[in-house]
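Here's the structure we're looking at; comments come further down.
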Amino acid sequence: MQQEQRPVVAADSFAPMDQLWEPEIELTDGTTAPVNPTADSFYVVVDDIDAGIVGLDPAPWPHLDHAGRLSFPDVDEEWEARVATDANLDEFQSAVNAARTRADQIAPERRLRVGDVFHVPGPEWPDDLASAKPIDVSRPARRAAKIAHYGAIAPRVTPAEAERLELAKPPEPDAPRQSFPLSPPPQSI
């Protein structure tokens with residue numbers, strides 16, 4: 001007998017809403033600042049770094065779906081053909097460092113790595129990415145990916161289970177946070 005592991009999710013929960021994803025970047029003083037994307041903005045992921053070239057994977061800026069996940073619009077071959085996907089690593093790194101410094105972002109000179117994500121203003125794909133003033137949104141993009149991932153794999157909790165596990169009530173303001181070790185304690189001999 002096979003047990004249903006997850007309830008069926010309504011198809012419309014994946015439908016994009018008319019709301020752009022609006023990440024906030026972390027500043028050196030510990031505060032955050034909005035990125036303020038537009039529907040013409042580009043979401044650019046560092047896909048590869050090799051031999052002084054950074055491979056970029058641009059997409060139209062994502063909207064949110066009904067569950068708060070990022071939802072990317074479909075693009076056609078014509079759209080993909082008009083966006084350059086490679087850049088000189090040193091030039092792009094310099095542009096990113098300057099943009100991070102200008103925005104007062106944390107870690108302004110952190111080296112680029114595969115998976116980094118940038119907001120590039122539209123409406124047209126820039127001929128020179130260095131002059132496009134890319135905004136590093138890697139941290140909120142990774143957070144959004146983790147939320148979507150854990151939301152997909154976490155078991156659903158019924159209202160009764162939530163009540164039993166005391167998940168239904170907010171934590172007390174002065175209650176200490178419970179921490180969980182990342183690895184089991186060492187075995188004693």
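The values are calculated or read from the model by the stated rules, or taken from the named source; none is laboratory data. Just so it is clear, the model here is predicted, and its values are computed rather than measured. All Cβ positions, even for glycine, are placed from backbone atoms using ideal geometry, and neighbour counts span all protein chains on display. We work out accessible area using only protein heavy atoms, side chains counted, and drop any ligands, DNA or RNA first. Shrake-Rupley method; radii C 1.70, N 1.55, O 1.52, S 1.80 Å.
With a cut-off of 14 Å on the backbone N, no residue of the range 65-93 is near the modelled label site 7 Å out from Val114 along Cα-Cβ.
Only protein heavy atoms count here; on that basis, with a 1.4 Å probe, Leu70 has an accessible area of about 50 Å². Here the accessible area of the range 97-153 is 56 percent carbon and sulfur, with a 1.4 angstrom probe and all protein chains present.
Taking all C-alpha pairs of the range 17-77, those more than 14 Å from each other amount to 66 percent. Shown is the FRET efficiency for Asp86 and Ala145, computed with R0 = 25 Å from the Cβ-Cβ distance and rounded to the nearest 0.05: 0.60. The range 126-158 and the range 84-111 have their alpha-carbon centroids 18 Å apart.
At full extension, Asp127 and Asp47 could sit 26.9 nm farther apart than now, given 0.36 nm per residue minus the alpha carbon distance. Remark: the range 29-115 projects, on average over all directions, an area of 7.2 nm² (convex hull of Cα atoms).
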